[in-house]
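Remarks on the structure that follows.
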Amino acid sequence: MKHTFESVWSNSLKIIKDNISLQSFKTWFEPIKPVELKDNVLTIQVPSQFFYEWLEEHYVSLLRKTIKRELGNDARLEYRIVVENSSNGNAPSTVNIPNYNTGNNKNPEGSMPLNLNKNIKNPFIIPGLKKVNIDSQLNPIYNFDSFVEGDCNRLGRSAGFAVSQKPGGTAFNPLVVYGGVGLGKTHLAQAIGNEVKNKFPNKTVLYVSSEKFTNQFIDSLKNNAVNDFIHFYQLVDVLIVDDIQFFANKDRTQDIFFHIFNHLHQNGKQLILTSDRPPRDLEGMEERLLSRFKWGLSADLQVPDFETRIAILEKKMYADGIELPRDVVEFVAYNINTNIRELEGALISLLAQASLNKKEIDIDLAKKIIKNFVKSISREVSIDYIQKVVCEYFSIQNDKLKEKTRKRSVVQARQLSMFLSKMYTKNSLKVIGKYFGGRDHSTVIHSCQAVQNLMDTDDIFKDNVSDIQKKIQMSIG
Ligand code: ADP
Ligand code: MG
């Protein structure tokens, strides 16, 4: 049988697809192009170095096995990486990588040469600066051990951990961690820093908020010490800048940060940035800086799901030596679904109240306290309400959800209403089924699955769902 690179690859994809999640498949395998098959070596083209490293780290054995199955035991896989050639505006070119090597792009003639002989003022005010003396400004409680992993943060956590094992030596440079307030950006960024300090005690790690960076810079302008400021930052091996959205519209600070960024990056130093929104949505930022942010990896942190919230609460309780009844933990995790900072806040006020009143924490006390904590806690949404919102959104008559209609638009609205009922109410699958014309629990399960699949594949549908969720959440408070 004659193989072509196309047929080998399309057969391989079928196998791969069965072995990983749809989301991973779409992210990591759909963008791959097969380009050549010669002497039993299959060459596939990947969009970036980062992509290549990710495949090698996560899917290498699956890839190898699959290719061998198609081409026999002596089959080999080679990558071709598309390289952006932005400096001279050429079309992207490619390089082949049979043997990967993370050679740092050494450029000793950086735009701002490092002058170690000078007596550099440390904006963190540590006199007699020597490289190793720079205090990292890290809080040791923010480490990987105390960071609970879940679907909400998996990419960021694993990229962050990879960075900490090889700072400056992965394609995740810069690593940009973004997400809403209280979702763990600072924790994760500092965990990376702390892990680097553990593993490489001689590396200089520095954590700074972009606000502090800005203020230091302004001070240095006033004191005629801008060069010291720049030199100081160029001494760092791992620079963590928290909340870079704060740089918006601060042109001179951005300019100086741009130079520091370039110098560090060119010298193989690691940059870790956090932001409250994805880089593409940062307004008031210079284009050249934004384009730098896109060099590495941007990973988002999302609101943790119910199970992860429980795990986080349990971790905190364990760390503080507290025990709470399971139903109390579930109650808190269920009702506080905004962010992790609030989850911790709820736990703390629970403990405070209990010790104040010298009472055991039971579910009644929890209800009372959490109710104050989240004003609208008692207003749980009903299935009726969810049905109403969904039907209004899709302009469908309410009754249709209970009928046997198989019209696509109705089926979708019905499935989505079931999905949201599962998400926002505490009703069992059986009860939910009842509300939809007496369907059984397996239909509800199937519906939830169908909605999940559709959200993974259809962006418009996903947007619709998040519109509807916003409406429902508004009514919860
Ligand atoms: P952000 O910087 O995104 O606003 P933080 O990093 O300050 O959020 O996190 C808020 C609180 O939640 C911190 O106390 C942090 O330790 C905790 N936290 C965040 N993510 C996790 C996690 N995955 N596991 C355990 N605790 C977390
Ligand atoms: Mg923060």
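The values are calculated or read from the model by the stated rules, or taken from the named source; none is laboratory data. Since we're looking at a predicted model, the values are computed, not measured. Virtual Cβ from ideal backbone geometry, glycine too; neighbours counted across all protein chains shown. Heavy atoms of the whole protein, side chains included, go into the accessibility calculation; ligands, DNA and RNA do not. Shrake-Rupley method; radii C 1.70, N 1.55, O 1.52, S 1.80 Å.
Relative contact order (percent) for segment 306-370, with alpha-carbon contacts under 8 angstrom and 6 or more residues of separation?
Details: 50 pairs, mean separation 23.0, N = 65.
It comes to 35 percent, rounded to a whole number.
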Counting only protein heavy atoms with a 1.4 Å probe and every protein chain in place, the carbon and sulfur fraction of the accessible surface of the chain in whole percent equals 49 percent
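Rounded to the nearest 500, what is the chain's calculated 222 nm mean residue ellipticity when only DSSP H runs of at least 4 contribute -39500 (n - 2.57) each, over all residues? Walk me through the intermediate numbers first.
Working: 18 runs with 234 residues, N = 477.
That calculation yields -15500 deg cm²/dmol at 222 nm.
So what's the net charge close to ASN19: Lys and Arg +1, Asp and Glu -1, counting the other residues with Cβ under 13 Å from its Cβ? Write out the running numbers ahead of the final one.
Details: positive: LYS14, LYS17, ARG64, LYS65, ARG69; negative: ASP18.
Charge balance near ASN19 sits at +4.
Order THR457, THR43 by their accessible area, 1.4 angstrom probe, all chains in place, largest first. Working shown, then result.
Values: THR457 75, THR43 5 Å².
These residues rank, largest area first, as THR457, THR43.
Within the set of other residues whose C-beta is less than 15 Å from the C-beta of ILE460, count the net charge using Lys and Arg as +1 and Asp and Glu as -1.
Working: positive: ARG408, LYS462; negative: ASP456, ASP458, ASP459, ASP463, ASP467.
Net charge around ILE460: -3.
Run the dipole for the chain about the Cα centre, Lys and Arg Cβ at +1, Asp and Glu Cβ at -1, nothing else charged, and hand back the magnitude in debye, nearest 20. List each step's numbers first, then the result.
Details: 62 positive and 55 negative charges, 139 e Å.
The dipole of the chain has a size of about 660 debye.
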Using 0.36 nm per residue, how much length does the chain from ASP384 to GLN302 gain when fully extended, once their Cα-Cα distance is taken away? 26.7 nm
Cβ-defined net charge surrounding LEU343, 10 Å radius [Lys, Arg +1; Asp, Glu -1]: +1
To the nearest 10 Å², what's LYS402's accessible area with a 1.4 Å probe? 90 Å²
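With a 1.4 Å probe and all protein chains left in place, how much accessible area per residue does the chain have, in Å²?
Details: 25070 Å² over 477 residues.
Per residue, the chain has 53 Å² of solvent-accessible surface.
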Ordering ASP440, ASP255, ASP320 by the accessible surface of their heavy atoms, 1.4 Å probe, largest first, yields ASP320, ASP440, ASP255
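Could you order peptides 185-192, 24-31, 303-310 by the average number of other Cβ atoms within 10 Å of their residues, highest first?
Details: 185-192: 24.2, 24-31: 14.6, 303-310: 17.6.
Result, highest mean first: 185-192, 303-310, 24-31.
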Using a 1.4 Å probe and ignoring any ligands, DNA or RNA, find the accessible area of VAL389 and quote it in Å² to the nearest 10. 10 Å²
What figure, in Å² to the nearest 10, do you get for the accessible area of TYR435 with a 1.4 Å probe and non-protein molecules left out? 90 Å²
How many nm is it between the label spots at ASN357 and ILE445, if each spot is 7 Å from the Cα in line with the beta carbon? 4.0 nm
